[in-house]
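The structure appears below as structure tokens.
The values are calculated or read from the model by the stated rules, or taken from the named source; none is laboratory data. Just so it is clear, the model here is predicted, and its values are computed rather than measured. Backbone-built Cβ (ideal geometry, glycine too); neighbour counts: all protein chains shown. These area figures cover heavy atoms from the full protein model, side chains too; ligands, DNA and RNA do not enter into them. Shrake-Rupley method; radii C 1.70, N 1.55, O 1.52, S 1.80 Å.
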Amino acid sequence: MKTDREPRELMQRAIGFLQDQRLQKADRVASTLNLLGLLRSSLAQKPIPAKEIQEFKSKLSHLLTGENNSGGIYSYTTTCGIYAERGRLDGFEEACEMRSILQILNDDFIDWNCIENPGIRDAFIEDLEDIDETLRDVSDEAPPVREEDIPNWVSADHWWWRSPQQQNMSQAEIDRRLHYDWNDGVED
């Protein structure tokens, strides 16, 4: 859908999710965060005035960390950490995507100076460090993510996507790991 790539439309959708009280808190935050990669890509293709971006960042920052959505970022980082822990099996790619979204949030869209509680930023950075440590730990056996499966909005400096040490893992082995639960952990 063409409007999905319009930066202003994506910004409105992100704010709309955070304000939608019909959704659970964690769902509001996750829905918003999951738009950030596309928004970053869209802004690179169709820049808008810096003033609008700053207004968006300020509003996003207040809504993400405000009372109505408090704990939503923590829920997202926790989920990312759970996927990272499953990285030797079926969680690696999902953890990488969520970790990239968290990095984009930190680098491009949250204004930590607008946050009333500085402890939120400290906890966020600590969570990112824990996720990174887990991704490094599981990279010895994590199934590699094929280059064509890495989203185009991912920055080259997001090292976690290319960290699996067994880049030459066969497709059969990748499938066995990714479908471990479906196979009930049974070896063929």
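General remarks:
- Selection of the range 126-180 for residues being closer than 29 Å to Gln45 by Cβ and of a type in the set (Phe, Trp, Tyr) yields Trp153, Trp159, Trp160, Trp161.
- Per this entry, Ala95 is counted among residues that are open to solvent by less than 30 Å² (accessible area, probe 1.4 Å) and either more than 30 Å from Asp175 (Cα to Cα) or aliphatic (A, V, I, L, M) (or both).
- Residue that is open to solvent by 40 Å² or more (accessible area, probe 1.4 Å), modelled with pLDDT under 95 and in contact with a helix residue (DSSP H, G or I) (Cβ under 8 Å, 6 or more places away or on another chain), where the choices are Asp130, Asp90: Asp90
- When the residues of the range 4-23 are filtered to those that are touching a residue at least 24 places away in the same chain (Cβ under 8 Å) and charged (D, E, K, R), the one that is surrounded by the fewest Cβ atoms within 10 Å (Cβ to Cβ) is Asp4.
- Considering the range 24-53, the residues that are farther than 16 Å from Pro7 by Cβ, at pLDDT 95 or above and among the hydrophobic types (A, V, I, L, M, F, W, C) include one that is most open to solvent (accessible area, probe 1.4 Å), namely Ala30.
- Of the residues making up the range 133-148, those that are open to solvent by 30 Å² or more (accessible area, probe 1.4 Å) and touching an Asp or Glu at 6+ places or on another chain (Cβ under 7 Å) number 1.
- Residue within the range 103-115 that is out of contact with any helix residue (DSSP H, G or I) (no Cβ under 8 Å at 6 or more places or on another chain) and among the hydrophobic types (A, V, I, L, M, F, W, C) present: no
- Per-region count, the range 56-74, residues within 17 Å of Gln21 (Cα to Cα), open to solvent by 10 Å² or more (accessible area, probe 1.4 Å) and touching a residue at least 24 places away in the same chain (Cβ under 8 Å): 8
- Any chance Thr65 is in contact with a Leu (Cβ under 7 Å, 6 or more places away or on another chain) and among the β-branched types (Val, Ile, Thr): no
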